[in-house]
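All remarks here apply to the structure that follows.
The values are calculated or read from the model by the stated rules, or taken from the named source; none is laboratory data. Since we're looking at a predicted model, the values are computed, not measured. Cβ sites come from the backbone with ideal geometry, for glycine too, and all protein chains shown count toward neighbours.
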Amino acid sequence: MTASPSTATAKDLRGAGLRVTAARVALLETVRAGDHLGVEAIAAGVRDRVGHVSLQAVYEALHALTAAGLVRRIQPPGSPARFEGRVGDNHHHVVCRSCGALADVDCAVGEAPCLTASDDHGFAIDEAEVIYRGLCPACSSTSTSPTSTSPAP
Ligand SMILES: [Zn+2]
Ligand SMILES: [Zn+2]
């Protein structure tokens with residue numbers, strides 16, 4: 001071990017031009033350790049690491065880290081934003097329409113922007129974000145059961 005996780009994380013923050021604070025280090029570690037966490041779960045993780053931090057401070061830090069490219073924000077239509085530390089690889093997401101379960105889907109083509117727009121409107125497109133939607137295995141087995149139209153016992 002040459003560097004503790006906190007040291008490496010602080011270096012990433014500094015490298016992105018951000019001021020290093022204990023809360024930001026804790027936040028980035030929480031997001032990286034988690035799996036597409038929502039804001040509440042991230043706030044809980046930050047509090048576990050550094051004690052009380054306001055939800056407002058968590059939102060502000062998430063905004064700064066997202067803008068700096070250290071954290072990626074995923075906004076599935078109709079559900080709360082999620083955040084992840086896997087950035088820069090142009091991967092996509094599949095979201096369950098019923099329970100909101102979310103998983104990574106690797107880039108279909110292997111390089112950005114992955115999808116070629118039928119009309120680029122003159123933009124130099126370098127990224128395509130795709131959200132696949134459907135039912136996760138747990139929800140699709142529930143919905144195909146013959147009792148799905150009646151209320152659960
Ligand atoms: Zn589901
Ligand atoms: Zn992801």
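The table below lists the values:
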| read-out | value |
| --- | --- |
| Unmet criterion (only one of (1) within 17 Å of the chain's Cα centre (by Cα); (2) within 16 Å of ligand 2 (Cβ to nearest atom); (3) not in a strand (DSSP E or B)) for Cys114 | (1) |
| When residues of region 31-53 are limited to those that are under 9 Å from Gly85 (Cα atoms) and not charged (D, E, K, R), the one farthest from ligand 2 (Cβ to nearest atom) | Ala33 |
| Hey, Ala128 touching a residue at least 12 places away in the same chain (Cβ under 8 Å), surrounded by 10 or more Cβ atoms within 10 Å (Cβ to Cβ) and either among the polar types (S, T, N, Q) or on the phi < 0 side of the Ramachandran plot (or both) or not | yes |
| Residue count for region 1-15, restricted to those that are hydrophobic (A, V, I, L, M, F, W, C) and either surrounded by fewer than 11 Cβ atoms within 10 Å (Cβ to Cβ) or under 26 Å from Ala103 (Cβ atoms) (or both) | 2 |
| Test: Val109 is modelled with pLDDT of 95 or more, away from ligand 2 (no atom under 16 Å from the Cβ) and not polar (S, T, N, Q) | no |
| Where Gly78 falls short, out of the listed (1) free of Cβ contacts under 8 Å to residues at least 24 places away in the same chain; (2) over 26 Å from Leu28 (Cα atoms); (3) within 16 Å of ligand 1 (Cβ to nearest atom) | (2) |
| Residues (in contact with a strand residue (DSSP E or B) (Cβ under 7 Å, 6 or more places away or on another chain) and assigned to a loop (DSSP other than H, G, I, E, B)) located in region 130-144 | Val130, Leu135, Cys136 |
